[in-house]
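Below: the structure, in C-alpha cells.
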Amino acid sequence: MDSQYHVNIRHDVLHLVDKNPGRVLDVGGGAGATAAYLKAEHGASYAAVADAVALPPIPEIDLYRIGDLEDEAMWASISEDAGPFDTILCLDVLEHLVDPWQAVRRCCDLLSPGGTLIVSVPNARYHKLTFPLFFKGRFTLQDSGILDRTHLRWFVRETAIDLVSQPGLDLESFEGGWYLNRARGIEKLAKAGIAPGFLFLNYFAKCRKVAAAG
C-alpha cells in the first residue's frame, strides 16, 4: 500500500469544515495529519483518530484508537472517552467497510447537535476506472487509488447521496472532487453538463446533525 495513503493532509476537503470545527474525530485518518492540521491551523479544540491501521500517531492527536471500524465496542469506547464531536471526517474509508451505512449512523450518534459529518467516497464512474473497463475489458486492482484492492463497496452520485441520507442528518452540500488539470478546460466541460460523472475522482458530502425537536 502507498506509504502516503495514511499521512497526507486532506486539503481537498478543508473548505467544507466549519470555521470553528470544535472537537474533531477523523475515522480512517491514519496517523492523524488532517485532524492535527485542523487543531494547529483551524482552531479545533480536540483531535481524535480511529483507524484499523496502526501508525505512529502525530503528537497533536489527543486520542488515537486502532481497531476494527465495524466493531460496535470500539465506537462505544470512543463515545465514552471523548464524545460527542463537533466535526467527524470519513475520508475515503467507508468504501473499505462491509456496512458503511452503519458506520454513518454511528457517526451521527457521535455528533453533537449541529455538528457536521464530512464524507469522501470514490466515484465508480471515474474515467480511469470505466474507460479501461468498457473499451479494453480491464479492471486491474491496485494497491491504492480508485481501484484499491481493499475496496468492498462502490458508489456513484446517487448511491453516495443515499449513503449519507440517514435519519438525523441533513445533507448540506454535495459536490464532485476534481482530479484532472483544470487548465485543460475540464471544469468548463463539466459545468456545461458534458459527462461530469466521468470527471470526478470522488464525491464530497457535508451533513449536519439535526437538533432533536423540543
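The values are calculated or read from the model by the stated rules, or taken from the named source; none is laboratory data. Being a predicted model, the structure only gives us computed values, none of them experimental. Note: ideal-geometry Cβ built from the backbone for every residue, glycine included; neighbour counts use all protein chains shown. What goes into the accessible areas is simple: the full protein's heavy atoms, side chains included, and nothing from ligands, DNA or RNA. Shrake-Rupley method; radii C 1.70, N 1.55, O 1.52, S 1.80 Å.
Would you say residue 170 is over 21 Å from residue 199 (Cα atoms) and in a loop (DSSP other than H, G, I, E, B)?
Values: over 21 Å from residue 199 (Cα atoms): yes; in a loop (DSSP other than H, G, I, E, B): no.
In short, no.
I'd like to verify a number: residues in region 58-99 that are aliphatic (A, V, I, L, M) and open to solvent by 40 Å² or more (accessible area, probe 1.4 Å), how many?
Narrowing region 58-99 to residues aliphatic (A, V, I, L, M): 58, 61, 63, 66, 69, 73-74, 76, 78, 82, 88-89, 91, 93-94, 97-98.
In the following step, the residues that additionally are open to solvent by 40 Å² or more (accessible area, probe 1.4 Å) were identified as 58, 66, 73, 76, 98.
Of the residues in that region, 5 qualify.
Scan region 102-128 for residues that are under 18 Å from residue 202 (Cβ atoms), open to solvent by 10 Å² or more (accessible area, probe 1.4 Å) and in contact with a helix residue (DSSP H, G or I) (Cβ under 9 Å, 6 or more places away or on another chain) and jot them down.
122, 124, 125, 127, listed by residue number.
Which condition number does residue 134 fail, the rest of (1) under 19 Å from residue 163 (Cα atoms); (2) in a helix (DSSP H, G or I) being met?
Every listed condition holds for residue 134 apart from (1).
Is there a residue in region 42-57 that is farther than 19 Å from residue 163 by Cα, assigned to a helix (DSSP H, G or I) and either modelled with pLDDT of 95 or more or open to solvent by less than 10 Å² (accessible area, probe 1.4 Å) (or both)?
Kept after step one, since they are farther than 19 Å from residue 163 by Cα, are these residues of region 42-57: 42-57.
Within this subset, residues satisfying the condition of being assigned to a helix (DSSP H, G or I) are none.
The answer is no; no qualifying residue exists.
For residue 2, indicate whether it is loosely packed, with under 15 Cβ neighbours inside 10 Å and either touching a Leu at 6+ places or on another chain (Cβ under 9 Å) or modelled with pLDDT of 95 or more (or both). Before the answer, list the steps.
On the way: loosely packed, with under 15 Cβ neighbours inside 10 Å: yes; either touching a Leu at 6+ places or on another chain (Cβ under 9 Å) or modelled with pLDDT of 95 or more (or both): no.
So residue 2 does not fit the description; no.
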